[in-house]
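What follows is calculated from the coordinates using simple rules that are stated; it is not laboratory data. Remember, predicted model here, so these are calculated numbers, not experimental data. Heads up, the Cβs are rebuilt from the backbone with ideal geometry, glycines too, and the neighbour counts pull from every protein chain shown.
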Amino acid sequence: MSSPRTLLFRGQGLPASLMALACRLCLEGRMLPIDGMVPVLITPFGGDEAVRVEDTERQVEVAVRSGVSAICLPAYGGESQKLAEAERMGLIRTAVHSARGRIPVIAHCSHASVRLAGELARRSADLGVEAIAVALPRSLSLTEDDHIRYCAGAGKATSLPLLVLDYNPGGPAVGLSFVRRLLAECPTFGFLVIEEPLMAAKVGAIRDATGGQVGVLEGWGGTHLMELAAAGICGVMPGLGTADLMERIWRLRRAGSVTEAYSLFTGVLPLLLFCQQNPEIRHYAERRLLLRRGVITSETIREPTVALDRHSQAYGDEVIALFLRTLERAGLPRRPLE
């Protein structure tokens, strides 16, 4: 563990039973711990829709101060599908430089082409990220065999830990069969992010079958955190705007302070449900929240995007205000950089 890139497990000092539950992946002397929140950073745009580098730097600083496990960018929550390749790599470079080894950076390298996904992964590794993420290309009609080839091809492009994301709007997400097969094909596979209802049994099956070698995270902003933390997920991928409170809720739930965890969770759940309606609504609400919290300087979304009606805007402001009051109740700062 002498490499300067080695990451120390944030659960050091915990009882052995809790240490065993925390998801971790050791590869070539490196350790990527995930035990809690892995927020997805937005891509901050100015009024001209150009990327604002300084707002990315501020997001990284907020993540470091929030005590989360890692950060991920530029994912779908960061409008990655609207970015040029040079912009994607620029965001990753900025995040790595700003992190300065204080927090792991996971590069989202999805592409419809497995060859180009692998190329993005290699370039990201050269920039100094700690892990690679790819999302299954659900826009294509592929079999499990096809998805295995896609993930293995991208994963084998580097020696870094691989995180796979799956949201299947047309059916169930991948399960134990996929996990076993990909792990055999690509030993760097360490984490699976799932977005589907009633996934607790799947989480337990994957954890038990792999002995914790593959950790499962919940997507969907953490809407089902309270249910799935008890089922054995190792973390959640929320937006950065809610990550500090979600991290507090996670710690309380895991420590057995269930009533207190629920009390705080009721203050964030309406915002999470508002964001669930549409990805562009999530972009809108996340930017509005980060602007209110002094993290970014513009709430511009790159076109095309949805134009919210007056009622939706008013309700969005209402649930954001509820969240901010809950932050204060938890003793967390509204404006974390001040």
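Table for the structure above
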{"quantity": "Virtual spin-label span in nm between Ala86 and Asp208, 7 Å along Cα→Cβ", "calculated": "5.3 nm"}
{"quantity": "Spin-label model distance (nm) - Leu198 vs Val53, 7 Å beyond Cα toward Cβ", "calculated": "5.0 nm"}
{"quantity": "Distance between the stretch 187-217 and the stretch 223-302 - C-alpha centres, whole angstrom", "calculated": "21 Å"}
{"quantity": "Charge-dipole axis of the stretch 30-247 as Lys and Arg at +1 and Asp and Glu at -1 on Cβ define it, positive-most pick from Ala229, Ile132, Ser66", "calculated": "Ile132"}
{"quantity": "Additional length obtainable on full extension of the chain from His311 to Asn168, 0.36 nm per residue less Cα span", "calculated": "48.5 nm"}
{"quantity": "Stretch gain in nm, segment Ser177-Arg100, where the contour uses 0.36 nm per residue and the Cα spacing is subtracted", "calculated": "23.9 nm"}
{"quantity": "Nonlocal amide H pairs with Thr300, under 5 Å, H built at 1.01 Å", "calculated": "Phe45"}
{"quantity": "Antiparallel content of DSSP bridges confined to the chain, in %, to 5", "calculated": "20 percent"}
{"quantity": "Loop sites in the stretch 55-150: trypsin sites (Lys or Arg not before Pro), DSSP, at most 14 other Cβ within 10 Å", "calculated": "Arg100, Arg102"}
{"quantity": "Neighbourhood charge, 12 Å Cβ-Cβ cut-off, centred on Tyr262 and excluding it, Lys, Arg +1 and Asp, Glu -1", "calculated": "-1"}
{"quantity": "Simple label model, 7 Å out from Cα along Cβ direction - Ser113 to Glu318, nm", "calculated": "4.8 nm"}
{"quantity": "Charge dipole (debye, nearest 20) of the stretch 214-338; +1 at Cβ of Lys and Arg, -1 at Cβ of Asp and Glu", "calculated": "280 debye"}
{"quantity": "Cα-only Debye scattering, the chain: base-10 log of I(q)/I(0) at q = 0.09, 0.15 Å⁻¹", "calculated": "-0.43, -1.33"}
